[in-house]
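Here's the structure, in structure tokens; my notes come after.
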2 protein chains.
Amino acid sequence: MSKSVFYHAGCPVCVSAEHDIVNLIGANNVEVVHIGENRSRIAEAEGKGVKSVPALVTPAGHVLHINFGASMADVKG
Amino acid sequence: MSKSVFYHAGCPVCVSAEHDIVNLIGANNVEVVHIGENRSRIAEAEGKGVKSVPALVTPAGHVLHINFGASMADVKG
């Protein structure tokens with residue numbers, strides 16, 4: 001199975017959701033990307049349809065926005 | 001591992017998220033509850049902190065609101 005990608009920006013809501021997602025689907029099945037630090041991947045996330053973080057993009061390309069930490073506009077600053 | 005519980009109300013956003021969650025964490029690891037049809041469990045969901053559907057409550061009791069289908073007020077009608 002290809003990996004899901006979990007995009008976050010280090011916010012408390014993001015960190016909590018990251019722990020939950022890693023526990024649920026397994027660390028080997030998800031790539032965790034901090035788009036606050038790795039800003040070159042902001043455009044990649046937006047291109048997949050990520051509107052806010054934290055968000056999980058499934059192997060099928062579906063975007064699951066989980067709770068709400070920050071909008072992409074907030075992340076871009 | 002105890003099961004997660006996925007609460008939904010049959011809306012298109014809910015059904016799509018349900019498929020994604022079941023694919024990610026496995027049907028054996030999640031109980032799917034349609035609180036539009038099984039209204040006796042609305043109070044249970046609210047008691048766990050569910051504010052909108054679809055939502056996944058983890059075995060640790062954390063609530064992950066996934067995308068947005070309907071508020072609990074909408075579900076209660």
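The values are calculated or read from the model by the stated rules, or taken from the named source; none is laboratory data. What you are looking at is a predicted structure, and each value in this text was computed from that prediction instead of being measured. Note that we place each Cβ from the backbone using ideal geometry, even for glycine, and neighbour counts take in every protein chain shown.
Please work out which one of (1) more than 10 Å from the chain's Cα centre (by Cα); (2) of a type in the set (A, V, I, L, M, F, W, C); (3) crowded, with 21+ Cβ neighbours inside 10 Å; (4) over 19 Å from residue B:4 (Cβ atoms) is the condition residue A:53 fails and give its number.
Status for residue A:53: all satisfied but (1).
Looking only at residues that are surrounded by 15 or more Cβ atoms within 10 Å (Cβ to Cβ) and free of Cβ contacts under 8 Å to residues at least 24 places away in the same chain in the stretch B:21-33, which one is farthest from the other protein chains (Cβ to nearest Cβ)?
B:22
Report every pair of residues separated by at least 6 positions or lying on different chains whose Cβ atoms are under 8 Å apart, first residue within the stretch B:44-63 and free of Cβ contacts under 8 Å to residues at least 24 places away in the same chain and closer than 20 Å to residue B:15 by Cβ, second aliphatic (A, V, I, L, M) and assigned to a helix (DSSP H, G or I).
B:51/B:72; B:52/B:72
In the stretch A:1-26, what residues are more than 20 Å from residue B:22 (Cβ to Cβ) and among the hydrophobic types (A, V, I, L, M, F, W, C)?
The answer is A:9, A:11, A:13, A:14, A:15.
Exactly one condition in (1) modelled with pLDDT under 95; (2) more than 25 Å from residue A:14 (Cβ to Cβ) is not met by residue B:34; state its number.
(1)
Of the residues that make up the stretch B:11-23, is at least one more than 15 Å from residue A:62 (Cβ to Cβ) and modelled with pLDDT under 95?
Taking every residue of the stretch B:11-23 in turn, at least one turns out to be more than 15 Å from residue A:62 (Cβ to Cβ) and modelled with pLDDT under 95.
Being more than 14 Å from chain B (Cβ to nearest Cβ) and either buried (at least 16 other Cβ atoms within 10 Å of the Cβ) or in contact with an Asp or Glu (Cβ under 8 Å, 6 or more places away or on another chain) (or both) narrows it down to one of A:47, A:77, A:36, A:69, so name that one.
A:36
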